[in-house]
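Notes for the one structure printed next.
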Amino acid sequence: MQRRTLVLAGALAVALSVTAGCSDDSKDDGGGGNGGQALEKVVYLTSFGNFGRDSYAYVAKEKGYFKDAGFDVDIKPGAGTGENIKQIVAGNALFTPTDLTGGLLSAGGKDKVTGFVAVAGIQQRTMAAIMALDGSGITSPKDLEGKTLADQPGSVVRMLFPTYAKLAKVDDTKVKWINNPAQTLIGTLATGKVAGIGQFVVGKPTVENVAKGKKAVVLPYSDYLQDLYGNVLITNTEYAKANPEKVKKFTTALLKGLADSINNPAEAGKIMTKYVPTSNADGVAAELTLMEPFVRSAAAGVPVGALDAERVARSIAILQGSGQIDAGLKPEQVIDFDLVPKA
């Protein structure tokens, strides 16, 4: 099997010096919590677009958490797990949340992508789901057989579907998938062109809003894949090795924004509209309210951001059992547990 190893070379070093490195003409932070040191400019990608589920990065920026940690953060809309990983590996961005399962499939699948590493958890359970509308004939996983679903190629919902189908006792050969750009995915569902779409559970309010009153039917993957984490924060492997303390400081700042967002969704909604005027404060708050139980672990005492090696190993075993990744992948190949908040 051909191995496509993505590594950092001279071009990446140059890219990181521009997008993630210290700049001589960076503005002083005026004392703040950074001791008057120049801020390190970094590019941060959201998980996808500018939905409410990603508002915590804007909260961390607005409240000065990034600045106090020594960073001047340029937040840009991401394009989903696969593309975001490519941008981190290429050095075009330094931090982004991506779905951990998607990361495992990238690292352990046919292409063997390297050059990225997870340093914190964002959601303790996967938010991947199939979403339909009332009247579609879909009320349970088995109803997916004989139906046409849509999603963008390479989405984690689509990549993980064979494993979900196997555990939910669905014959995936009887389910048809068509390609659809993520930007028009919900509209495609609302107009009845497909029976269901790949979506995160927190997208329910947006789907129902676009569908103008129709109720959404949500089939969460976590009903059958309980060990799978959702999004994790990743960075460039070489940067993490060279700058472990900086990574920890950035992670702490981002997780403070995450905690604030799920504790006060209404505030987060208002903050996001400041940075993304097209966003809707109520919609942002609704997504965060749905996301809260996925961020907080059911296990008492587990901090926001933690990742457990044994759980990740079980996730790998599930993916290997369904034939989606090759044998031999270890949690430590994808996650730097020295940098992750302790479970």
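Identify, please: which residue in region 249-279 is of a type outside the set (A, V, I, L, M, F, W, C), touching a residue at least 60 places away in the same chain (Cβ under 8 Å) and outside any helix (DSSP H, G or I) and is, among those, surrounded by the most Cβ atoms within 10 Å (Cβ to Cβ)?
Going through the qualifying residues, I end up with 279.
Which of the residues spanning region 230-248 are part of a helix (DSSP H, G or I) and either not small (Gly, Ala, Ser) or not assigned by TED's automatic domain parsing to the domain that holds residue 40 (or both)?
Passing the criteria: 237, 238, 239, 241, 244, 245, 246, 247, 248.
Report the residue count in region 45-60 for those that are touching a residue at least 60 places away in the same chain (Cβ under 8 Å), touching a Lys or Arg at 6+ places or on another chain (Cβ under 9 Å) and assigned to a strand (DSSP E or B).
0
State whether one or more residues within region 275-296 are farther than 30 Å from residue 50 by Cβ and touching a Leu at 6+ places or on another chain (Cβ under 8 Å).
As a first pass, look at region 275-296 and keep what is farther than 30 Å from residue 50 by Cβ: none.
There is no residue in region 275-296 that is farther than 30 Å from residue 50 by Cβ and touching a Leu at 6+ places or on another chain (Cβ under 8 Å).
So, in region 220-260, how many residues would count as being of a type in the set (A, V, I, L, M, F, W, C) and either under 14 Å from the mean Cα position of the chain (by Cα) or farther than 16 Å from residue 339 by Cα (or both)?
Of region 220-260, the ones of a type in the set (A, V, I, L, M, F, W, C) are 225, 228, 232-234, 240, 242, 247, 250, 253-255, 258-259.
Retained after the next criterion (residues that are either under 14 Å from the mean Cα position of the chain (by Cα) or farther than 16 Å from residue 339 by Cα (or both)): 225, 228, 232-234, 254-255, 258-259.
Of the residues in that region, 9 qualify.
Just one of the numbered conditions (1) crowded, with 21+ Cβ neighbours inside 10 Å; (2) in contact with a Pro (Cβ under 9 Å, 6 or more places away or on another chain) is not true of residue 319; which one?
(2) is the only condition that residue 319 fails.
Condition check: crowded, with 24+ Cβ neighbours inside 10 Å, hydrophobic (A, V, I, L, M, F, W, C), under 30 Å from residue 259 (Cα atoms) and at pLDDT 95 or above. Does residue 127 satisfy that? Break it down into steps so the answer makes sense when it comes.
On the way: crowded, with 24+ Cβ neighbours inside 10 Å: yes; hydrophobic (A, V, I, L, M, F, W, C): yes; under 30 Å from residue 259 (Cα atoms): yes; at pLDDT 95 or above: no.
No, not satisfied.
Of all residues in region 285-310 being among the charged types (D, E, K, R) and buried (at least 19 other Cβ atoms within 10 Å of the Cβ), which is modelled with the highest pLDDT?
First, pick out the residues of region 285-310 that are among the charged types (D, E, K, R): 287, 292, 296, 308, 310.
Subset that is buried (at least 19 other Cβ atoms within 10 Å of the Cβ): 287, 308.
Details: 287: 94, 308: 91.
Among those that are among the charged types (D, E, K, R) and buried (at least 19 other Cβ atoms within 10 Å of the Cβ), it is 287.
Per-residue answers, yes or no, for (1) outside any loop (DSSP other than H, G, I, E, B); (2) of a type in the set (Phe, Trp, Tyr); (3) more than 23 Å from residue 285 (Cβ to Cβ); (4) in contact with a Cys (Cβ under 8 Å, 6 or more places away or on another chain):
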position	(1), (2), (3), (4)
135	no, no, yes, no
142	yes, no, yes, no
150	yes, no, yes, no
161	yes, yes, yes, no
173	yes, no, yes, no
184	yes, no, yes, no
198	yes, no, yes, no
202	yes, no, no, no
208	yes, no, no, no
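Can you name every residue in region 86-142 that is hydroxyl-bearing (Ser, Thr, Tyr) and over 25 Å from residue 247 (Cα atoms)?
The first filter runs over region 86-142 and keeps only residues hydroxyl-bearing (Ser, Thr, Tyr), leaving 96, 98, 101, 106, 114, 126, 136, 139-140.
136, 139, 140, listed by residue number.
What residue, among those in region 147-170 that are closer than 16 Å to residue 219 by Cα and free of Cβ contacts under 8 Å to residues at least 40 places away in the same chain, is surrounded by the most Cβ atoms within 10 Å (Cβ to Cβ)?
Selected residue: 161.
The values are calculated or read from the model by the stated rules, or taken from the named source; none is laboratory data. All of these numbers come straight from a predicted model, not from anything done at the bench. In this analysis, Cβ positions are derived from the backbone assuming ideal geometry, glycine residues included, and neighbour counts consider all displayed protein chains.
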